[in-house]
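The structure that follows is given in the form of structure tokens.
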Amino acid sequence: MSGDASTPEQDQTVESGAVPATPESASDAPEVTSEQAPAAVDPAERMQQLEQELSSLKQEHETLNSQYMRIAADFDNFRKRQSRDQDDMRQQLVCSTLTEILPVVDNFERARQQLNPEGEEAQALHRSYQGLYKQLVEVLKQQGVARMEVVGQEFDPNLHEAVLREESSEFAEDVVCEELQRGYHRDGRVLRHAMVKVSMGPGPSDPASAPAEAAPDQTAEEA
């Protein structure tokens with residue numbers, strides 16, 4: 001026969017060329033022994049290991065939590081300090097500005113004491129001046145500026161600036177007897193100390209009267 005058809009003899013030759021499986025080849029496969037098998041873990045040891053890991057994690061958590069609380073407290077203190085410093089700076093700026101205005105108020109008051117308007121034109125000017133002065137005083141009041149009341153008060157170096165001291169039968173010693181320049185304060189802060197005159201108390205009695213009173217006693221002793 002022609003073509004690619006195989007003969008029975010060729011089929012037998014192909015079959016005889018195949019290598020049959022032998023017991024020796026099967027024995028070459030790797031065998032899993034008891035030594036290579038994973039060892040069994042003791043439950044008690046495993047439990048102890050897990051407890052140690054849990055204890056370590058708890059300690060780490062406590063450390064991190066403590067650090068977080070410290071950082072949070074430091075940040076809160078920093079925020080409060082910043083806010084307080086900003087408030088103090090704002091108050092200082094306001095007080096400094098108001099202190100610069102106080103001499104203007106003094107000039108208004110001096111001018112008011114010296115003016116003696118006569119005639120309609122002068123009186124109209126005086127009324128305009130008074131309106132400006134009242135407006136300025138009202139602005140200061142709105143900002144919390146208040147005048148110190150010093151006459152009759154005990155001298156306080158934190159509030160008063162003593163310019164003069166004189167004897168006074170009306171006021172006791174170290175008591176303010178006269179205000180020379182007004183002092184102002186704002187929310188407990190002194191904007192300007194009041195210039196005052198302080199009493200030294202009543203002066204000594206007339207020295208000539210003392211011998212005159214002692215003379216009768218001396219006469220009686222001599223008698």
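The values are calculated or read from the model by the stated rules, or taken from the named source; none is laboratory data. If you're wondering where the values come from, they're calculated on a predicted model, not measured in any experiment. No Cβ is skipped: glycine too gets one built from the backbone with ideal geometry, and neighbour counts run over all protein chains shown. The area values use the complete protein model at the heavy-atom level, side chains included, leaving out ligands, DNA and RNA. Shrake-Rupley method; radii C 1.70, N 1.55, O 1.52, S 1.80 Å.
Quick one: how many residues across segment 149-174 are part of a loop (DSSP other than H, G, I, E, B) and open to solvent by 100 Å² or more (accessible area, probe 1.4 Å)? Show your work before the answer.
Of segment 149-174, the ones part of a loop (DSSP other than H, G, I, E, B) are 149-153, 155-159, 167-174.
Narrowing further to those that are open to solvent by 100 Å² or more (accessible area, probe 1.4 Å): 149, 158, 167, 169-170, 173.
So the count comes out to 6.
Table: residues versus (1) modelled with pLDDT of 90 or more; (2) among the aliphatic types (A, V, I, L, M); (3) open to solvent by 80 Å² or more (accessible area, probe 1.4 Å).
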| residue | (1), (2), (3) |
| --- | --- |
| Gln48 | no, no, yes |
| Leu57 | yes, yes, yes |
| Tyr68 | yes, no, yes |
| Arg84 | yes, no, yes |
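Can you tell me which residues in segment 167-187 are among the polar types (S, T, N, Q) and in contact with a helix residue (DSSP H, G or I) (Cβ under 8 Å, 6 or more places away or on another chain)?
First, pick out the residues of segment 167-187 that are among the polar types (S, T, N, Q): 168-169, 181.
Answer for segment 167-187, where residues must be among the polar types (S, T, N, Q) and in contact with a helix residue (DSSP H, G or I) (Cβ under 8 Å, 6 or more places away or on another chain): just Gln181.
Now, a different point. Report, by residue number, each residue of segment 96-136 that is over 13 Å from Arg192 (Cα atoms) and surrounded by 15 or more Cβ atoms within 10 Å (Cβ to Cβ).
Phe108, His126, Tyr129, Tyr133
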